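Below: one structure, written as structure tokens.
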Amino acid sequence: MSEWIEREGKVFMQFFNRYSIVVERGEGCWLYDEDGKKYLDLIAGIACVSVGHGNEFVASRIAEQARKLMHVSNLFYTKPQVELAEKLKEITSLDRFFFTNSGTESVEAALKIARRATGRKKFVAFTNGFHGRTMGALSVTWKEKFRKPFEPLVGPVSFADFNSIESLERAADRDTAAVILEPVQGEAGVFPADRDFVRRIFELRDELGFLVIFDEVQTGFGRTGEWFAKDIYNATPDIMTMAKAMGNGFPVGAVAVSEDVHTKIEKGDHGSTFGGNPLACEAALATIEYIEQNNLLENARRMGELFMNGLKGLDFVEDVRGFGLMIGVSVGDAKGLSQHLMSRSVLVNATSERDVRIIPPLTIREEEVSFALSAFREYGV
Ligand SMILES: *Cc1c(COP(=O)(O)O)cnc(C)c1O
């Protein structure tokens, strides 16, 4: 065992189950451990490193900005913040933005905004949904194991069955401030919402007057082959959260709202010291520009299709689903598969006993997809 793993065990809070790999550096879709052994990374820092490890374009923009100005707080105006908000307006078609440092913070802001804008308290969330680990985001996260030890949480929250219109209709009412949905559930193992289900959420919104929050923390910035999963559903939420891939792994997130929602909030309702600092905004701007300049939405669609078609032909695979490079695979033993793949230098993430998630950098190339598929093919032979 690496001495670093032993040292971590003595000083780090033991919240995480980790792979026994000490990662030293990365290049594109590949990670290198402390002994120089390389792995094909189909996890990408949990759907964060979308333009690849060691991306020179993003790294040099970050370095340049770090020398110029890293942080001044939101007591001042800075150019990268304005530029990033303008860019997000273009690619999200929402109107107003607030910057955070993580996904869970984006969700916290979204929940506060929803209460403020509606004057209502209740939230509707869905079975198997994941929205983060801080108190508010945790309150709308499904898994009891995450929630129970920390109650009382924010309430009232009603959990409706994901993709059940009947259950949704029972849960949503005139006391509901917002319905929060991952258009494609990520942590659950990549489960897309049905189109009819999404349509019904918006019909009920118009009828009952709640707001719709799309949590696009994982689906955002090209992961699904569109800028945002909302584009797959032709839907425009009132509030949208984002983070993970926004800065290629640099901690930066945002919450977006419609102009209508924005008219109902007031100065002082929310804030952040670090949120939207020039360094984070420059990282996000560079990441978005790189995606645009290299047609990575199209690459995500093409490579995703190649990947999914390859997986569908395998006899041990029970189900393949997803959009672009956000792919879920059900098998008999997800841990077993993931261990096999690791022994073939391919890293995937088992999200449950049965489900494996494939979320590589959007820069992945055909020969890398082929390399991964041949490792899958060798499973059980
Ligand atoms: C990861 C994730 C979060 C939480 O993001 P953190 O940056 O870990 O706080 C929230 N919502 C969704 C959909 C996520 O995938």
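Quick notes on this one:
- Scanning the stretch 145-164 for residues that are of a type outside the set (G, A, S) and either farther than 20 Å from T134 by Cβ or assigned to a helix (DSSP H, G or I) (or both) returns K145, F146, R147, K148, P149, F150, D161, F162, N163.
- Test for T92: is it closer than 15 Å to E259 by Cβ and either within 16 Å of the ligand (Cβ to nearest atom) or in contact with a strand residue (DSSP E or B) (Cβ under 9 Å, 6 or more places away or on another chain) (or both): yes
- Residues of the stretch 285-317 satisfying the condition of being among the hydrophobic types (A, V, I, L, M, F, W, C) and outside any helix (DSSP H, G or I): L314, F316, V317
- Listed by first and then second residue, the pairs with beta-carbon distance under 9 Å, at least 6 apart or on different chains, first residue in the stretch 324-346 and more than 25 Å from R365 (Cβ to Cβ) and in a helix (DSSP H, G or I), second at pLDDT below 95 and among the polar types (S, T, N, Q), form an empty list.
- The one condition in (1) among the basic types (K, R); (2) closer than 16 Å to P156 by Cα; (3) part of a helix (DSSP H, G or I) that R120 fails to fulfil: (3)
- Given (1) within 16 Å of the ligand (Cβ to nearest atom); (2) in contact with a strand residue (DSSP E or B) (Cβ under 6 Å, 6 or more places away or on another chain), index of the condition P156 fails: (1)
- Any hit, the stretch 238-257, residues being assigned to a helix (DSSP H, G or I) and surrounded by fewer than 24 Cβ atoms within 10 Å (Cβ to Cβ): no
- Across the stretch 217-229, the qualifying residues are those that are more than 13 Å from the ligand (Cβ to nearest atom) and surrounded by 24 or more Cβ atoms within 10 Å (Cβ to Cβ), and the one among them that is nearest to A284 (Cα to Cα) is G222.
- Restricting attention to the stretch 139-152, the residues that are touching a helix residue (DSSP H, G or I) at 6+ places or on another chain (Cβ under 8 Å), more than 10 Å from the ligand (Cβ to nearest atom) and in contact (Cβ under 8 Å) with a residue 12 or more places away in the chain add up to 3.
- Residue within the stretch 170-187 that is away from the ligand (no atom under 15 Å from the Cβ) and either part of a helix (DSSP H, G or I) or within 23 Å of A44 (Cα to Cα) (or both) present: yes
- Flag for G132 being buried (at least 22 other Cβ atoms within 10 Å of the Cβ) and either part of a loop (DSSP other than H, G, I, E, B) or free of Cβ contacts under 8 Å to residues at least 60 places away in the same chain (or both): yes
- Failed criterion for V252 (all others in (1) touching a strand residue (DSSP E or B) at 6+ places or on another chain (Cβ under 6 Å); (2) within 16 Å of the ligand (Cβ to nearest atom) hold): (1)
- Meets criteria (assigned to a loop (DSSP other than H, G, I, E, B), without any contact (Cβ under 8 Å) to a residue 60 or more places away in the chain and aliphatic (A, V, I, L, M)) for L75: yes
- The residues on offer are R357, R377, and the sole one that is surrounded by 21 or more Cβ atoms within 10 Å (Cβ to Cβ), among the charged types (D, E, K, R) and either within 26 Å of A193 (Cβ to Cβ) or touching a residue at least 60 places away in the same chain (Cβ under 8 Å) (or both) is R357.
The values are calculated or read from the model by the stated rules, or taken from the named source; none is laboratory data. What you see is a predicted model; the values in this text were computed from it and never measured. Cβ coordinates were reconstructed from backbone atoms using ideal geometry, including for glycine residues, and neighbour counts include every protein chain displayed.
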